1. I need the calculated FRET efficiency for the pair residue 73 and residue 19, taking r as the beta carbon distance and R₀ as 30 Å, to the nearest 0.05.
2. When ranked by the protection proxy of mean other Cβ atoms within 10 Å per residue, highest first, what sequence do the peptides 27-33, 52-58 form?
3. Among 37, 69, 75, what is the fewest-to-most ranking by other Cβ atoms within 10 Å?
4. Could you list 42, 62 in order of exposure, starting from the residue whose Cβ has the fewest other Cβ atoms within 10 Å?
5. How big is D, in µm² s⁻¹, for the range 23-75 by Stokes-Einstein at 25 °C and 0.890 mPa s if Rh is the Kirkwood radius over C-alpha pairs?
């Protein structure tokens with residue numbers, strides 16, 4: 001299996017299997033970004049990250065984070 005690398009920093013990271021990650025649970029998001037789970041939840045509560053754009057609830061009620069929208073948020077001026 002051949003994995004391509006992308007130079008566009010706004011794209012979600014690739015796994016070793018070549019799968020693009022788009023929505024991830026808060027623990028994985030925290031590991032990838034360096035924000036603690038508490039900090040992530042605080043940003044959700046404070047409205048810094050918007051439901052339906054930066055995050056949404058999965059059918060089982062767990063919060064999933066949108067990596068692409070997080071990257072867009074980081075890159076805004």
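1. Values: r = 23 Å, r/R0 = 0.76.
According to the calculation, E is roughly 0.85.
2. Values: 27-33: 15.0, 52-58: 13.3.
Result, highest mean Cβ count within 10 Å first: 27-33, 52-58.
3. Numbers: 37 13, 69 16, 75 9.
Ordered by Cβ neighbours within 10 Å, fewest first: 75, 37, 69.
4. Taking fewest neighbouring Cβ atoms as first place, the list is 62, 42.
5. Details: Rh = 10.9 Å.
This corresponds to a translational diffusion coefficient of 225 µm²/s.
Values quoted throughout were computed directly from the atomic coordinates according to the rules given, and no laboratory measurement underlies them. Bear in mind that the values here come from a model prediction, so they are computed numbers and not experimental data. Neighbour counts are summed over all protein chains in view; Cβ atoms, including those assigned to glycine, are modelled from backbone coordinates with ideal geometry.
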